[in-house]
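The values are calculated or read from the model by the stated rules, or taken from the named source; none is laboratory data. None of these values were measured; they are calculated from a predicted model. No Cβ is skipped: glycine too gets one built from the backbone with ideal geometry, and neighbour counts run over all protein chains shown. These accessible areas exclude ligands, DNA and RNA; they are computed on the full protein's heavy atoms, side chains included. Shrake-Rupley method; radii C 1.70, N 1.55, O 1.52, S 1.80 Å.
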Amino acid sequence: MKIACIDLEGVLIPELWPHIAQETGIASLSLTTREFPNYPELMRTRIETLRRNSLTLATLQSITANITPFPDAQEFLHRLQKEYDVSIISDCFHELIGPILNTLGSPKIKCHRFNIDPAGYVDHCVYFNRQGKETHVAQALTEGAKVLAVGDAYNDLNMLRLAHHGFLIRPSNSTRAAAPELPVVNSLSEVFERVAFE
Ligand SMILES: [Mg+2]
């Protein structure tokens with residue numbers, strides 16, 4: 001059994017929140033876990049900002065619907081699915097990525113959800129029940145699977161470390177510095193080349 005755990009934003013599609021910040025003109029929406037290391041706190045701040053600026057879920061969805069996957073993402077998933085049971089493991093929210101997932105061929109995904117209030121605003125987050133992304137890899141390992149993982153950021157590092165093949169793709173300098181032991185690739189196709197040789 002071969003299982004692949006693939007991060008979404010920064011790996012298969014661009015980051016959503018910088019795009020939302022750009023489209024709405026609200027710079028603070030592009031703040032990330034670099035500025036707010038605590039993810040639930042970051043999301044609470046984002047949700048407050050959305051409400052203060054009268055941005056409903058429907059508005060957010062109309063913005064994120066315009067995001068397209070990276071050019072090599074569809075081919076990568078298609079090729080990967082021939083050999084692996086593929087799951088997207090993401091810290092994004094289901095309600096924001098429906099159209100993008102369709103474009104990617106509706107892969108299996110494990111991510112969080114929003115709770116929406118009657119007026120259509122995001123009210124709070126409903127987090128996927130896990131400690132971190134590495135929970136999925138740990139589960140696969142207990143089932144005796146061979147695990148491949150690809151991610152780009154700090155929240156992927158433990159998942160990548162635990163996998164048999166864990167690759168950082170185009171990491172920032174600070175992410176790279178936090179995990180000098182992990183192999184780095186610059187493109188998705190390079191993942192296949194590296195797995196073939198390891
Ligand atoms: Mg990412």
Straight-distance crosslink candidates among lysines, where the alpha carbon sits under 16 Å from residue 82 and sequence neighbours closer than 8 are dropped
2, 108, 146
Among 73, 177, 153, the residue with the largest mean-square fluctuation in a Gaussian network model of the chain built from Cα contacts under 10 Å is 177
Expressed as a whole-number percentage, the relative contact order of segment 8-117 with C-alpha contacts under 8 angstrom and at least six residues apart is 28 percent
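Kirkwood hydrodynamic radius, segment 1-109, all distinct C-alpha pairs: what's the number in Å?
Working: mean 1/r = 0.0669 Å⁻¹.
After inverting the mean inverse Cα-Cα distance, the result is 14.9 Å.
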I'd like to know which of 80, 62, 92 lies farthest towards the positive end of the charge dipole of segment 60-170, counting +1 on Cβ of Lys and Arg and -1 on Cβ of Asp and Glu.
80
Along the dipole axis of the chain (charges at Cβ: +1 for Lys and Arg, -1 for Asp and Glu; origin at the Cα centre), the most positive-end residue among 31, 150, 162 is 162
Within segment 160-198, name every residue whose backbone N is under 18 Å away from a label modeled 7 Å from Cα of residue 83 along the Cβ vector.
163-169, 183-198
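Could you give the accessible area per residue of segment 61-198, probe 1.4 Å, as a whole number in Å²? It would help to have the intermediate numbers written out before the result.
Numbers: 6900 Å² over 138 residues.
Normalised by residue count, the accessible surface of segment 61-198 is 50 Å².
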Toy charge model, Lys and Arg Cβ at +1, Asp and Glu Cβ at -1: segment 41-171 dipole around Cα centroid in debye, rounded to 20, equals 60 debye
How many angstrom lie between the Cα centre of segment 108-173 and the Cα centre of segment 7-75?
17 Å
Which cross-chain or sequence-distant (5 or more) residues have an amide H under 5 Å from the amide H of residue 110, H modelled 1.01 Å from N in plane?
88, 89, 90
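What part of the accessible area of the chain, given as a whole %, is carbon or sulfur when the probe is 1.4 angstrom?
Details: 4920 of 9790 Å².
Carbon-and-sulfur percentage of accessible area, whole number: 50.
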